[in-house]
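Reading through the structure tokens given below for one structure.
The values are calculated or read from the model by the stated rules, or taken from the named source; none is laboratory data. What you are looking at is a predicted structure, and each value in this text was computed from that prediction instead of being measured. Neighbour counts are summed over all protein chains in view; Cβ atoms, including those assigned to glycine, are modelled from backbone coordinates with ideal geometry. Ligands, DNA and RNA are excluded from the accessible area calculation, which covers all protein heavy atoms including side chains. Shrake-Rupley method; radii C 1.70, N 1.55, O 1.52, S 1.80 Å.
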Amino acid sequence: MSSKSANCYTINNSSPPTSPRNRQNCRRRLRRRGSFAMLHRRNFLLLVSVLYLTGLISCVGPLFSLLQYSGLSTGAVYRSHEIFQKLWTDIEADNSSSIQLSSVWIYKRKLKEQKPCSFGTIASTKDSPGANLYLIVDANGGLNQQRSSICNAVVIAALLNATLLIPRLEFHNVWRDSSEFGDIYDEDHFMSTLKDYIEVVKELPTELMERYDSNISNIQNLRVQAWAPPRYYLEEVYPVLFKQRVVRISPFANRLSMHLPSHLQFLRCFSNYEALKFSLAISELAKKLVKRMIERSSNSSGKYISVHLRFEEDMVAFSCCIYDGGQVEKSEMDVVREKGWGKKFKQKYRVIAPGLNRKNGKCPMTPVEVGMMLRGMGFSKDTPIYLASGKIYQADRYLAPLRKMFPLLQTKETLATKDELAPFEGYSSRLAAVDYLVCLFSEVFVTTQGGNFPHFLIGHRRYLFNGHAKTIKPDKIKLVTLLQNTSTSWIDFKDQMGSMLAESDRKGIMVPRVKKSTRKGSIYSNPLPECRCLWESKRTTNRSNSYLMVDH
């Protein structure tokens, strides 16, 4: 506090009285100071008011959502089984088919003209073998999230000129799959295919392992930001790698930007579609199942539909959606959530709004919803369907309506013998890989929930078929509204489903314009045009694709 200000309000009896001019100056300073204080006070009160209102809204918002969507709002309540029972007579009598599998799609995906590929430039990116620098990654998540991590690891190893240790697959307490890289992919093929780009090894040198007491977990683990650009790896990771000779990055999912220079994107494409080949055991079983599906699809020229159904127990539990199982369902789902995610769903800040989730299209579709949608779109009851899924929640009860609508429904359990499936039991990623390959060669692929499985599969199919992906993505927000209206007629429902199929087809040919590094703009789901040069080089050299196991 300045002496001038103090003099304006401090009384000192021993001091002579101030002059009139000094008293006026003091009064001016006091008024000015009072104005400033009043202004600060107002600003403070305004700030407090804003914070209070923000907190009030944040608390009331979820409560309002719970009240609004607790069951009163259209689409918020699961009534699909009721609607099915009401419409079943009409569905059963409707044997007409407006769709032939060979002519499902009206449109073709149109790609912009690209610069001609100079195949001479698609050569080794490896300047010199990174014999002295080693990169270790722990690929986390399910089968296809791990797949993206593996492809990104190849790119980063090339960027840093490092040798890549065969990626390690993280064990997750939900999927509970202890498979290693070689159990799912062909290790030798992976290493030999990439040899012109990076060096891949199965083990670290002995002298490096001895430095870390033969325990990879002792190696420094770098926490890398999500969607990191190449510059980040060159500026932040490489100095540590150069000093230590080896670094480990865990977890590694989504740790590389989707937008990369063309030579690095090519390496991503090359890793995904050339280097990663499923193991012999997986490929052989999938080949048998594809042949059996073709044989059972003789009435449709060997063509069949594949449906990726996410109605497993853990998926239903994680979604926090409510179906028609009452208190028994609630108790079972509470147990699953506790087992898989601990106390996560009981934390105070978590708001669980099943009605809102359903209304927003976030609830996993049930088998009866899938069946009604496909019959409504015009697929007849004799359409062959391959159902790709884990263990369906209460399968006997929930699958019965779908089997009534599509008697030719098959799964890997119905197509394979018990002896053929025995080596895969208890390994969710290996079973998912079998499903992946059978879906890859279906005439139509239906995705019901999203996630990494359809994300990669849609992109792989686009790559194989030059951009034209025969995929159905339902409008789930529209669907839940229709499937709560008990007055809906079968004719009206069919009209709505026809429009939904046309819209899904229209969106399927669009190449998204993406500004941010997100899954929607991923090269894994939209490989063309960025993987075009790899696709053209394969045609030019007449190399056979390792996935084309069956003449379809």
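Would you pick out the residues in region 312-331 that are touching a residue at least 12 places away in the same chain (Cβ under 8 Å) and of a type outside the set (F, W, Y)?
E312, E313, D314, M315, V316, A317, S319, C320, C321, I322, D324, G325
If you go through region 484-498, how many residues are closer than 17 Å to N95 by Cα and of a type in the set (G, A, S)? Talk me through it step by step, then tell me what you get.
Going through region 484-498, the residues closer than 17 Å to N95 by Cα turn out to be 489-495, 497-498.
Now narrow it down to the ones that are of a type in the set (G, A, S): 489, 498.
Going through region 484-498 one residue at a time, the tally reaches 2.
In this structure, is L374 closer than 20 Å to K303 by Cα, open to solvent by 10 Å² or more (accessible area, probe 1.4 Å) and hydrophobic (A, V, I, L, M, F, W, C)?
Against the criterion (closer than 20 Å to K303 by Cα, open to solvent by 10 Å² or more (accessible area, probe 1.4 Å) and hydrophobic (A, V, I, L, M, F, W, C)), L374 does not qualify.
Every residue, every condition in (1) farther than 22 Å from W535 by Cα; (2) of a type in the set (S, T, N, Q); (3) open to solvent by less than 10 Å² (accessible area, probe 1.4 Å), yes or no:
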site: F445; (1), (2), (3): no, no, yes
site: Q449; (1), (2), (3): yes, yes, no
site: R461; (1), (2), (3): no, no, yes
site: P474; (1), (2), (3): yes, no, no
site: L479; (1), (2), (3): yes, no, yes
site: Q484; (1), (2), (3): yes, yes, no
site: S487; (1), (2), (3): yes, yes, no
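Name the single residue that is nearest to E207 (Cα to Cα) among those in region 234-263 being of a type in the set (F, W, Y) and more than 24 Å from the chain's Cα centre (by Cα).
Checking each candidate, the answer is F242.
Among the numbered criteria (1) at pLDDT below 95; (2) open to solvent by 20 Å² or more (accessible area, probe 1.4 Å); (3) farther than 23 Å from K473 by Cβ, which one does G340 miss?
(2)
Test of understanding: among A422, A353, A388, which residue is small (G, A, S), modelled with pLDDT of 95 or more and in contact with a helix residue (DSSP H, G or I) (Cβ under 8 Å, 6 or more places away or on another chain)?
A388
Report the residue count in region 149-185 for those that are within 20 Å of Y436 (Cβ to Cβ) and either open to solvent by 10 Å² or more (accessible area, probe 1.4 Å) or not in a helix (DSSP H, G or I) (or both).
Residues that pass the stated criteria total 14.
Can you tell me which of D90, D94 is under 30 Å from S301 (Cα atoms), open to solvent by less than 50 Å² (accessible area, probe 1.4 Å) and either over 21 Å from the mean Cα position of the chain (by Cα) or modelled with pLDDT under 95 (or both)?
Numbers: D90 fails: open to solvent by less than 50 Å² (accessible area, probe 1.4 Å).
Every option except D94 fails the conditions.
Select the helices (runs of 4 or more DSSP H) contained entirely in region 200-270, then report the ones holding at least 1 residues which are modelled with pLDDT of 95 or more, touching a helix residue (DSSP H, G or I) at 6+ places or on another chain (Cβ under 9 Å) and among the hydroxyl-bearing types (S, T, Y). Let's see the steps before the verdict.
Working: elements: 206-211, 238-244, 262-270.
Answer list for region 200-270: 238-244.
Hand me the list of helices (runs of 4 or more DSSP H) wholly inside region 369-485 holding 3 or more residues that are in contact (Cβ under 8 Å) with a residue 40 or more places away in the chain.
On the way: elements: 395-405, 412-415, 418-421, 428-440, 452-464, 476-482.
Qualifying helices (runs of 4 or more DSSP H): 395-405, 428-440, 452-464, 476-482.
So which residues in region 225-274 are open to solvent by less than 60 Å² (accessible area, probe 1.4 Å), over 20 Å from I166 (Cα atoms) and aromatic (F, W, Y)?
Y232, F266
Please count how many residues of region 412-470 are of a type in the set (V, I, T) and under 26 Å from S298 (Cβ atoms).
Number satisfying all stated conditions: 6.
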